[in-house]
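**Student:** One structure is given below, represented as structure tokens, and several questions about it will come after.
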Amino acid sequence: MDTLLNNSDLFLTGFKNTLILFFFSAIFALILGTVVATLRVSPVPAMRATATLYVNVVRNTPLTLILFFFALGYPKLGLVPIDFTTAAIIGLSLYTATYVAEAVRSGINTVPVGQAEAARAIGLPFTQTLTLVILPQAFRAVIPPMFSVFIALLKNTTVAAGFSVFEAGAIRANLSERGEPALTGLLWVALVFVIFVFVLSALQRKLEQKWKVSR
Amino acid sequence: MSSVLFDAPGPKARTRYRILGVFTALVILLIVGFIILRFAQSGQFEAKKWQLFTFPLVQQTIVQSVGATLAAFATAAVFSLILGVLLAFGRLSDRRWVSLPCYGFTELFRAVPLLVLMMIFYYGLPTLGVAITPFTAVVAGLVLYNGSVLAEIFRAGIESLPRGQSEAGYAIGLPKSAVMTSILLPQAVRSMLPVIISQLVVILKDTALGFIVTYNEILFQAKFFGSQIQYASPIIPAAMVAAVLYVGMCLILAAIAKWLERRLSRKPGAAIIPAAAVPAEV
């Protein structure tokens, strides 16, 4: 308990940054993932191929490598300089978007065929069929997998600690500079993550109940 | 390709799709072209930056680091599968003093970030006087996390089987352990094989976290070579080499998965039960 109380500043900043990483990456990943999922079911072959290629390549690349590239490689390209936090958000979003896309796509597949057929029958074009009819229903169906993706994202933010972002995963390094026991600090970090995940799971159950599709 | 989401394209739609297709291709070409141009302008393709990777000794080290990655992957995969089966059996046990701890164990280790687990092993345990190598820390973290995830996959697989399967087993007088191991588990594994393999791909990818706890794997070597100043710090070439190795290994594993799946579904009487929708965890 002393380790936590005496270094509450470290823990607070650490977890604040974790939540910042989580929040922004979650939003960007959700948007990008939905767009990619849309592309994957679109009538234009070139769009389908692009989206499939993106998902297959990025899903098979370790997140550590993606962050490695954005944190260490990107500055060498002489483009707009970005700080490590932004780099981590970009990397996390690009990585998580592929999982979001797969979840949304599986959700699209669960919507009964009649829905799309009815939408087409009343003359809606592809974009409207998708945005007005299919996606709203698909999102309700994919709440559980979507939340596992977001829980994974929350845990993945710790990887950014390896690339100079001061968040929860980096608390240990700063604690040991202050001569605090590493194990105690790490166990506190683990406990806070367990609580976060618990909160997210509770939110998931609530949303599931609220948005239950009645068929 | 026909889809329920859009009508079969007529002549007008076909032209529109073609225009959109060309437009997409152009956008992609622009993006890729820009990246390549940027790489070229900042000198990433210069011979100087790649020279390091032509030395036999460097190539040997890279091959060794691939070996280190594969060793961590193989060890972790075997032990996680074993742990997963044990935990799944534990959770399905009728005795609450067995099933409750197993439930707590899986939930706990699924909630703690893998990297924090590895750090607890690597930085935390030595303070208790337990010496631990990076390899053990990486493997232990991977096993605890993926074992818990696999336990959930096995459990979902077993629970998705028709009840008649276990009832038939009990009816011919088998004890529960035999029903589990010789009737339910083989079928569960078969129907869950795609998910199990994608979880194995996750293990392979997560060995890259060993980089942060100083395990001598591909990414660790890539960073080492990438920061050699006398060879113009080829960090991007090093990242490219690492990317090719990782993506290649994962794609091979995924291809094996597909092959296995096709093989298993071809067998008569196999895999009638569709896999339940349990996504692999990232």
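The numbers here are math on the coordinates, done by the rules we state, and not lab data. On a predicted model such as this, the values are computed, not experimentally measured, just so you know. Note that each Cβ is placed from the backbone with ideal geometry, even for glycine, and that neighbours are counted across all protein chains shown.
**Student:** Of B:Leu30, B:Ile256, B:Ser93, which is farthest towards the positive pole of chain B's charge dipole, taken about the Cα centre with +1 and -1 on the beta-carbons of Lys, Arg and Asp, Glu respectively?
**Tutor:** The one lying farthest along the dipole's positive direction is B:Leu30.
**Student:** Measure out, as a whole number of angstrom, how far apart the alpha-carbon centroids of the range A:30-103 and the range B:77-125 sit.
**Tutor:** About 31 Å separates the Cα centre of the range A:30-103 from the one of the range B:77-125.
**Student:** Cα axis of helix A:8-40 to longest principal axis of chain A: angle in degrees, 0 to 90, nearest 10?
**Tutor:** 20
**Student:** Considering every residue in A:68-77, what mean count of other chain Cβ atoms within 10 Å of its Cβ is obtained?
**Tutor:** So the per-residue partner count for this stretch is 6.
**Student:** If you don't mind, another one. Residue farthest toward the positive end of the dipole of the range B:49-266, with Cβ of Lys/Arg at +1 and Asp/Glu at -1: which of B:Leu184, B:Leu108, B:Tyr231?
**Tutor:** Farthest towards the positive end: B:Leu184.
**Student:** Starting with the highest mean, order A:177-187, B:209-219 by the number of other Cβ atoms within 10 Å, averaged over the residues of each peptide.
**Tutor:** The most tightly packed comes first, giving B:209-219, A:177-187.
**Student:** Still on this model: Under 13 Å from the Cβ of B:Leu161, count the other residues' Cβ atoms, weight Lys and Arg +1, Asp and Glu -1, and hand me the total.
**Tutor:** Surrounding charge for B:Leu161 is +1.
**Student:** Another question, then. Dipole size in debye (nearest 20) for the range A:97-215 around its Cα centre, Lys and Arg Cβ +1, Asp and Glu Cβ -1?
**Tutor:** That gives the range A:97-215 a dipole magnitude of about 440 debye.
**Student:** Now a separate question. Setting aside same-chain residues fewer than 8 positions from A:Lys155, which aspartates and glutamates have a Cα under 13 Å from its Cα?
**Tutor:** Qualifying aspartates and glutamates at Cα under 13 Å: A:Glu167, B:Asp206, B:Glu281.
**Student:** Give A:Lys76/B:Lys49; B:Lys205/B:Lys258; B:Lys176/B:Lys258 a once-over and call out the pairs whose C-alpha atoms are over 21 Å from each other.
**Tutor:** Going by Cα-Cα distance, B:Lys176/B:Lys258 fall outside the 21 Å limit.
**Student:** Per residue of B:244-252, what is the mean number of Cβ atoms on other protein chains within 10 angstrom of that residue's Cβ?
**Tutor:** 3
**Student:** Also: Tell me which DSSP H helices of chain B clear both cut-offs, 27 Å or more of axial length from alpha-carbon atoms and a mean Kyte-Doolittle hydropathy of at least -1.0.
**Tutor:** B:11-41, B:56-91, B:134-159, B:185-206, B:235-266
**Student:** Taking the Cα centre of the range A:17-167 as origin, work out the dipole magnitude from +1 charges on Lys and Arg Cβ and -1 charges on Asp and Glu Cβ, in debye rounded to 20.
**Tutor:** 260
**Student:** Then there's this: Using +1 at the C-beta of Lys and Arg and -1 at the C-beta of Asp and Glu, which of A:Val41, B:Gly124, A:Leu67 has the Cα lying farthest in the positive direction of the dipole of the protein assembly as shown?
**Tutor:** Toward the positive end, the furthest listed residue is A:Val41.
**Student:** What's the magnitude of the charge dipole for chain B around its Cα centre, counting Lys and Arg as +1 and Asp and Glu as -1 at the beta-carbon? Answer in Debye, nearest 20.
**Tutor:** 760
**Student:** Continuing with this model, one more query. Got the relative contact order for the range A:17-167 handy, in percent, Cα pairs under 8 Å and 6 or more residues apart?
**Tutor:** Here the relative contact order equals 36 percent.
**Student:** Would you mind ranking B:Val195, A:Val57 by Cβ crowding within 10 Å, fewest neighbours first?
**Tutor:** A:Val57, B:Val195
**Student:** In addition: Helix A:45-59 against the longest principal axis of chain A: what's the angle in degrees, Cα atoms only, rounded to the nearest 10?
**Tutor:** The helix A:45-59 is inclined about 30 degrees to chain A.
**Student:** Taking only DSSP H segments of four or more residues, each worth -39500 (n - 2.57), what value at 222 nm results for chain A once the sum is divided by all its residues, to the nearest 500 deg cm²/dmol?
**Tutor:** Here the helix-only value at 222 nm equals -23000 deg cm²/dmol.
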